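First the structure, in the form of structure tokens, and then the observations on it.
The values are calculated or read from the model by the stated rules, or taken from the named source; none is laboratory data. Fair warning: this is a prediction, and the values are worked out from it, not measured in the lab. Please note: Cβ atoms are built from the backbone with ideal geometry, for glycine as well, and neighbour counts cover all protein chains shown. With ligands, DNA and RNA removed, areas are computed over all heavy atoms of the protein, side chains included. Shrake-Rupley method; radii C 1.70, N 1.55, O 1.52, S 1.80 Å.
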Amino acid sequence: MTDGLFDLGHTGGASRGAGPGAGSLASNTHASAPLAVRMRPRTLDELVGQAQLRAPGSPLRQLIEGDQSMSLLLWGPPGTGKTTIASIVSQQTERRFVEVSAVAAGVKEVRAAIDGARAELARGGSETVLFVDEVHRFTKAQQDALLPGVENRWVTLVAATTENPFFSVISPLLSRSLLLRLESLTDDDVGAVLDQAMVDERGLAGRLTIDADARSHLVRLAGGDARRVLTYLEAASRAAEDTVIDLATAETAVDQAAVRYDRQGDQHYDVISAFIKSIRGSDADAALHYLARMIEAGEDPRFIARRLVILASEDVGLADPTALTTAVAAAQAVQLIGMPEARLNLAQAVIALAVAPKSNAVIKAIDAASADVRAGKIGHVPPHLRDAHYSGAKKIGHGKQYKYSHDEPFGVAEQQYAPDVVADARYYEPTALGAEAALKERWERIRRIIRGER
């Protein structure tokens, strides 16, 4: 009961007569193969996690046990079993296994793999499982090249992606494939993978034991990735000086936790969402965590800076008029200084925006005004506000009765500025938070003067 979770080779496999890029799963069955490869599950029942896919009557089980020809699109984080499922489909249905990597292959290689599968069928040979790893890296033309093989059932396509396929996979391929969503593994799942590898003949075969603290350390660092925990376990087993893997050995073998972040995928959107919401919620500590997570993952600092500039007006606004200045200064610093030093400027801006008083009055005001405009509340510009600088303007009433604000008491004139249709609209409603509290009182007095409500 190990786990299905790796994007590399396999223990055994139907890779007979494989074509371009074929057989990486079958070619790594030797004893010196990586532990993560040797421990790859051989049947659906050996797969750890993904209970929704292994359940009786599930589409995947029906496909395997019923030996059906159906293309699969597997979507999930790294180390959750995408490649393993392709291998299981191949082995349990006794099909050839051919692998094409989207990182290295082009249209030529894709067509060659499909032509090889078609020729094999014509000779009366076995059907082919065509595994395409990281299919989201394929261009539209490359994905189009897969369609004939899928439509004509020349291959059973199993395509794997870590990115949302609705954004990265063409619609014709989506509609012709069964989309299976793989969930991140829990720590219990990852722990079960590690435990099995400790005793399995394909793994460490009971030659070593592992302390509870060391086990917890490796599971935590794996971050829900079974392939990673086996890689860490293999490194720790080699570093062990006796028959016990202790915490010190585990820490020596693995000294850094993996950053779970994908600049183009769901992690990208989830982390930036949590980042913005943490600043909005005034939690500077959480905001700094997400900032560090993005920086360590190699996120474009200009993207982070742009989000801070937007947030400064959307969530702080005039509750702290310096917020926008701070965010813009951080964005300029990113351009001027660059990383890694500019992380200090970003961190300063993040803290300042997080602890600043919050107001969404600015975005509410412009949204309300835009809603009225979209609803057709346009109206004519009042005659006294129209341009009166050209000859004859006064004759048609432009500029007549306009009151020059600087000539009025307090520098505020009582006169209509908005078109009639929105003359009574109240878009900007300041909060009583931060500097906006004083602004609220002043704006209410000014609005009453302008509208003659004194």
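Couple of notes before you dig in:
- The portion of the accessible surface of the chain made up by carbon and sulfur, rounded to a whole percent, is 52 (1.4 Å probe; DNA, RNA and ligands excluded).
- Heavy-atom accessible area for residue 71, with the other protein chains in place and a 1.4 Å probe, reaches approximately 10 Å².
- Sites residue 404 and residue 443, calculated FRET efficiency, Cβ-Cβ separation with R0 25 Å, nearest 0.05: 0.75
- Overall, region 130-237 carries a charge dipole of about 400 debye about its Cα centre when +1 sits on the Cβ of Lys and Arg and -1 on the Cβ of Asp and Glu, all other atoms neutral.
- Shape analysis of region 334-387 based on the Cα gyration tensor places the equivalent ellipsoid semi-axes at 41, 16, 11 Å, largest first.
- At q = 0.12, 0.13, 0.23 Å⁻¹ the log10 of I(q)/I(0) for region 131-241 amounts to -0.60, -0.66, -1.13, computed by Debye summation with a single uniform scatterer per C-alpha, solvent ignored.
- Dipole magnitude for the chain: about 2040 debye, using +1 per Lys or Arg Cβ and -1 per Asp or Glu Cβ, origin at the Cα centre.
- Whole-number accessible area per residue in Å² for the chain, which is evaluated in the context of all protein chains at 1.4 Å: 49
- Spatially proximal lysines relative to residue 377 (Cα-Cα < 24 Å; intrachain offsets below 8 disregarded): 364
- Backbone N atoms of region 360-388 closer than 16 Å to the 7 Å Cα→Cβ label point of residue 451 belong to residues 365, 368-369.
- Highest mean packing comes first when the peptides 225-231, 178-184, 81-87 are listed by Cβ atoms within 10 Å, giving 81-87, 225-231, 178-184.
- Over the chain: Rg over Rh, Cα atoms, Kirkwood Rh: 1.17
- Shape annotation for region 315-454: C-alpha extents along the principal axes are 64, 36, 35 Å, from largest to smallest.
- Separation in nanometres of the label points that stand 7 Å from Cα toward Cβ, at residue 373 and residue 283: 3.6
- Dmax and Rg, reported as Rg then Dmax, of region 82-158 (C-alpha, Å): 11.7, 33
- Shape call, region 27-114: gyration tensor on alpha carbons, a/c limit 1.5: oblate
- In percent, rounded to a whole number, the relative contact order of the chain is 11, using alpha-carbon pairs under 8 Å and six or more apart.
- Each peptide in 358-367, 126-135 receives the mean, over its residues, of other Cβ atoms within 10 Å, and ordering these scores from highest gives 126-135, 358-367.
- With distances taken between every two different alpha-carbon atoms, region 55-210 has a Kirkwood hydrodynamic radius of 16.6 Å.
- Under 20 Å of direct C-alpha separation, and excluding same-chain neighbours fewer than eight residues apart, residue 108 reaches these aspartates and glutamates: 99, 120, 133, 134, 144, 151.
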